[in-house]
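Visitor: One structure coming up, written as structure tokens, with questions to follow.
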Amino acid sequence: MDRGRLRIEGSDAARFLQALVTNDVGLMQPGSGVYAAYLTPQGRMLADMNIYHRGGYLLLETAASR
């Protein structure tokens with residue numbers, strides 16, 4: 001399966017993602033990663049992803065079709 005990647009950076013990157021995904025991104029430390037899902041407000045899953053803390057940015061890896 002093809003994988004796509006998104007790079008989220010900036011001082012509020014973790015806070016931004018915290019409101020959108022199911023895992024606690026705010027507790028991540030550089031070098032760590034978590035599995036999370038992106039849900040609609042009704043709880044329907046739109047995508048699942050791995051999120052990696054790379055120090056200056058967060059890297060999201062998900063299906064390329066998403």
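The values are calculated or read from the model by the stated rules, or taken from the named source; none is laboratory data. Being a predicted model, the structure only gives us computed values, none of them experimental. Cβ sites come from the backbone with ideal geometry, for glycine too, and all protein chains shown count toward neighbours. Ligands, DNA and RNA are excluded from the accessible area calculation, which covers all protein heavy atoms including side chains. Shrake-Rupley method; radii C 1.70, N 1.55, O 1.52, S 1.80 Å.
Visitor: Using the Kirkwood radius over C-alpha pairs as Rh, can you work out the diffusion coefficient of the chain via Stokes-Einstein at 10 °C, viscosity 1.306 mPa s, in µm² per second?
Guide: For the chosen part, D equals 132 µm²/s.
Visitor: If each DSSP helix of 4+ residues adds -39,500 (n - 2.57) and the sum is divided by the residues in the chain, what number results at 222 nm, nearest 500 deg cm²/dmol? Could the numbers behind the result be given before it?
Guide: On the way: 1 runs with 6 residues, N = 66.
Per the formula, -2000 deg cm²/dmol.
Visitor: Here is a follow-up. For the stretch 12-28, what does the Karplus curve 6.51 cos²θ - 1.76 cosθ + 1.60, with θ = phi - 60°, yield as ³J(HN,Hα) per residue in whole Hz, taken in order and with x for Gly and Pro?
Guide: Working through the residues one at a time gives 10, 4, 5, 5, 4, 5, 3, 7, 10, 10, 7, 9, 8, 5, x, 8, 5 Hz.
Visitor: How many percent of the accessible area of the chain is carbon or sulfur, using a 1.4 Å probe?
Guide: 50 percent
Visitor: Full extension from residue 44 to residue 15: what is 0.36 nm times the residue separation minus their Cα-Cα distance, to one decimal in nm?
Guide: 8.3 nm
Visitor: Where only protein heavy atoms count, and the probe is 1.4 Å, what is the accessible area per residue for the chain in Å²?
Guide: 69 Å²
Visitor: With +1 on each Lys and Arg Cβ and -1 on each Asp and Glu Cβ, and nothing else charged, work out how big the dipole of the chain is about its Cα centre, in Debye to the nearest 20.
Guide: Numbers: 7 positive and 6 negative charges, 21 e Å.
Charge dipole, the chain, about its Cα centre: 100 debye, nearest 20.
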